[in-house]
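Visitor: Okay, handing you the structure first.
All of the numbers you see were taken from the coordinates with simple rules; none came from a lab. Given the structure is predicted, the values throughout are model-derived calculations rather than measurements. Here the Cβ positions follow ideal geometry from the backbone for every residue, glycine too, while neighbour counts run over all protein chains shown.
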Amino acid sequence: MSEFSHVVLSRTADQTAALAQHIGAGLRPGDVLLLEGPVGAGKSHFARALILSLLEVPEDVPSPTFTLVQTYDTPRGEVWHSDLYRLSSPDEVIELGLTEAFEDAICLVEWPDRLGDLLPEGALRIALSPEGDDIRRITLTGPARWQSLLEDADV
């Protein structure tokens, strides 16, 4: 399977949100985004902007740090936002029902390293790396089919 990698230098939180919204516009059930980066890198900000862009009626989009998973009903189908930071075993991921959601929901996963061998094939990795106050280096890596989502991105 052919892979691509694309780097975006986001200079503001608004630019990061615009990239998230652009990617969100092309998502469909079964798509999985793996959000990587250290604490404070902007993973939750990215996820929140993407989810808000998919909602028909705006609502509060809290970080799932303590709930582990937040779900949203959108015109595109169900969206699962998970934060696996507090998990210690991939078995806990199965208990959450996340592996089943990979098949029929749009899934955004923070701290995907906790998935172990449960990483879904075909996912888009989005690595956020702080390079200053608001500046983020965002590296997108995945199968070539994801590349078309970025062709018209104005970031």
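Visitor: Using a Förster distance of 22 angstrom, determine the FRET efficiency expected from the C-beta separation of ARG86 and GLU59, and round it to 0.05.
Guide: 0.40
Visitor: Contour minus end-to-end for SER5 and LEU118, with contour as 0.36 nm per residue of separation and end-to-end as the Cα-Cα distance?
Guide: 38.5 nm
Visitor: Please report the antiparallel percentage of the DSSP beta bridges confined to the chain, to the nearest 5.
Guide: The antiparallel proportion sits near 60 percent.
Visitor: Match the structure shown to one of the listed values (1) -0.71, -1.21; (2) -0.82, -1.21; (3) -0.63, -1.10 of log10 I(q)/I(0) by the Debye sum over Cα atoms at q = 0.14, 0.18 Å⁻¹, computed from it, and give that label.
Guide: (3)
Visitor: Now for a separate question. Using a 10 angstrom cutoff on alpha carbons, build the Gaussian network for the chain and name the most mobile of PRO29, PRO58, PRO130.
Guide: Largest GNM mean-square fluctuation: PRO58.
Visitor: Specify the residue with the greatest mean-square fluctuation among ALA13, ALA105, ALA47, computed from a Gaussian network of the chain linking alpha-carbon atoms under 10 Å apart.
Guide: It is ALA13.
Visitor: Rounded to the nearest 10 degrees, what's the angle between the helix 43-54 long axis and the longest principal axis of the chain, both from Cα atoms, 0 to 90?
Guide: Once rounded, the angle reads 90 degrees.
Visitor: Here is a follow-up. So for the stretch 100-155, considering every pair of alpha-carbon atoms, how many percent are separated by more than 20 Å?
Guide: Percentage above 20 Å: 36.
Visitor: Defining a contact as two alpha carbons under 8 Å apart and six or more residues distant in sequence, what relative contact order in percent does the chain show?
Guide: 38
Visitor: So which residue, out of GLY42, GLY77, GLY116, gets the largest mean-square fluctuation from a GNM of the chain using Cα contacts under 10 Å as springs?
Guide: Result: GLY116 has the largest fluctuation of those listed.
Visitor: Something else about it: When the helices in the chain are scored as -39500 (n - 2.57) per DSSP H run of 4 or longer and the sum is shared across all residues, what 222 nm value do you end up with, to the nearest 500 deg cm²/dmol?
Guide: -7500 deg cm²/dmol
Visitor: Find, among the GluC sites (Glu not before Pro) in the stretch 66-121, those assigned to loop by DSSP (not H, G, I, E, B) with at most 16 other beta-carbon atoms within 10 angstrom.
Guide: Loop-located and lightly packed - GLU121.
Visitor: If I model a spin label as a point 7 Å beyond the Cα along the Cα-Cβ vector, how far apart are those points for GLU95 and ASP73 in nm?
Guide: According to this spin-label approximation, the distance is 2.8 nm.
Visitor: What angle do you read, to the nearest 10 degrees and between 0 and 90, between the alpha-carbon axis of helix 13-24 and the longest principal axis of the chain?
Guide: 60
Visitor: Let me know the charge dipole size of the chain about its Cα centre in debye, to the nearest 20, where only the beta-carbon of Lys, Arg (+1) and Asp, Glu (-1) is charged.
Guide: That gives the chain a dipole magnitude of about 400 debye.
Visitor: A further question on this structure: Could you tell me the center-to-center distance, by alpha carbons, between the stretch 52-76 and the stretch 1-40 in angstrom?
Guide: 17
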